[in-house]
Amino acid sequence: MKNSVKKGLLLLGLSFVIVSCGDKEKTAKVQYPEKPIEMVVPYSAGGGSDRNGRTLAEIVQKYKMAEQPIMVVNKPGGSGAVGNAYVHSKKGNDYTLLTMVGGQAASAIYNKAEVTVDKFTPIAVLAYDVMFLGINKNSKYKSLKEVVEAAKNVPGSITVGGPNIGNEEFYAYKLLEKQTGAKFKYVSFNGTGDVISAMLGDHVDIGVLKPAAAMSQVESKNIVPLVSYTPEKLGGVFGDTPTFKELDYGDVDVRVYRAIVGPPNMNENIVAYWEEIFKKVSETPEWKDEYVKQNFLVPNFLGATEAKKFILEDQEKFATMFSEIN
């Protein structure tokens, strides 16, 4: 029965919601979705999560995968905590989605937030993101070696911009210190878009970035990549960008997932509905070629069940890593 209900939901756009009536329960057939969907991005406009959310919404609308549009809403602040808390408060709401990256799990652990990622309803993991260190093209420093030397000569003199404290970029910053033995100063922003603006305005020396958010600035050569947090070169416009290992700073490999989750207690049929839609999104050329490939992401679709397992394991990974680097 459950399988036939799920199939009907996915093919006809219908959900069956259980309505409680005292000691009895009845099944009411309602059209879903009846109104626009709110997709919350817990970071500022212009960053990687913002672009991810808007790309997903545009593809869903282009192919008319849902009967209603997805409205992207930015709720930055608190290293993702503001957006997380907002969606968490929508318990049982089937009209709210949340973009999620590994950094939201990391920052919640680092900042001891009340709302941790295990409290949401996983829908799908879509891809892995990678990171790199970039610098303003007009900087007096031309290589990571020069930056590290300056930081060692005057500890704390080189500023590193990143979106919020305690997320994956912050972890990458701590790895930079650990691998090079130099002491830097971390400057926190509400999102990658703000980091890029600060870099271009010479307000920070270098920035921890993801290709998805900084690609246009790299292609225009306003931002010059110094090193990638990958075991091998990324290729493309990053073809000349060395890895930490190539610069004799050891093995470094930081990959961060991009996922979609819902509020607690989301209807399981609605979860299946969105799981199927995002699976279709992951198979479109706009996603595979224009988003994933061009932004150097690693495609990796996981459905709701697998996504839950992966997100919980990733949360534990960040807890362990932060413990190791104090």
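The values are calculated or read from the model by the stated rules, or taken from the named source; none is laboratory data. Bear in mind the structure is a predicted one, so any value in this text is a computation, not a measurement. Every residue, glycine among them, receives a Cβ derived from its backbone with ideal geometry; neighbour counts consider all protein chains shown. Remember, those area values only see protein heavy atoms, side chains included, never the ligands or the DNA or RNA. Shrake-Rupley method; radii C 1.70, N 1.55, O 1.52, S 1.80 Å.
Within the set of pairs 6+ apart or on separate chains, which have a first residue in the range 220-245 that is within 18 Å of L176 (Cβ to Cβ), a second that is modelled with pLDDT of 90 or more and open to solvent by 70 Å² or more (accessible area, probe 1.4 Å), and C-beta atoms under 6 Å apart?
V224/K137; K245/D251
I'd like to check which helices (runs of 4 or more DSSP H) are fully inside the range 23-129 and have at least 2 residues that are out of contact with any Phe, Trp or Tyr (no Cβ under 8 Å at 6 or more places or on another chain) and open to solvent by 20 Å² or more (accessible area, probe 1.4 Å).
On the way: elements: 48-62, 81-88, 102-110.
Per the criteria, 48-62, 81-88.
Which one is modelled with the lowest pLDDT among residues in the range 258-277 that are not in a helix (DSSP H, G or I) and not small (G, A, S)? So that I can check it myself, show each step before the final result.
The initial filter retains those residues of the range 258-277 that are not in a helix (DSSP H, G or I), namely 258-267.
So of that shortlist, the ones also not small (G, A, S) come out as 258, 260-261, 263-267.
Values: R258: 93, I260: 98, V261: 98, P263: 98, P264: 98, N265: 97, M266: 97, N267: 97.
Top of the filtered list is R258.
Under the condition of being farther than 29 Å from V298 by Cβ and either open to solvent by 40 Å² or more (accessible area, probe 1.4 Å) or modelled with pLDDT under 95 (or both), which residue from the range 130-140 is farthest from the chain's Cα centre (by Cα)?
Looking only at the range 130-140, we keep the residues that are farther than 29 Å from V298 by Cβ, and these are 138-140.
If we keep only those that are either open to solvent by 40 Å² or more (accessible area, probe 1.4 Å) or modelled with pLDDT under 95 (or both) as well, we get 138, 140.
Working: N138: 29, K140: 31 Å.
Among residues in the range 130-140 that are farther than 29 Å from V298 by Cβ and either open to solvent by 40 Å² or more (accessible area, probe 1.4 Å) or modelled with pLDDT under 95 (or both), the one farthest from the chain's Cα centre (by Cα) is K140.
Could you list, in sequence order, all residues of the range 254-309 that are touching a residue at least 24 places away in the same chain (Cβ under 8 Å), among the basic types (K, R) and surrounded by fewer than 21 Cβ atoms within 10 Å (Cβ to Cβ)?
Selection gives R255, K279, K280, K308.
Tell me which residues, restricted to the range 193-214, are assigned to a helix (DSSP H, G or I) and open to solvent by 10 Å² or more (accessible area, probe 1.4 Å).
So the first thing to find is which residues in the range 193-214 are assigned to a helix (DSSP H, G or I), and the list is 193-200, 211-214.
G193, D194, I196, S197, L200, A213 - these are the residues of the range 193-214 that are assigned to a helix (DSSP H, G or I) and open to solvent by 10 Å² or more (accessible area, probe 1.4 Å).
Residues of the range 161-215 being at pLDDT below 90 and farther than 25 Å from A127 by Cβ, which ones?
Those that are at pLDDT below 90 and farther than 25 Å from A127 by Cβ: none in the range 161-215.
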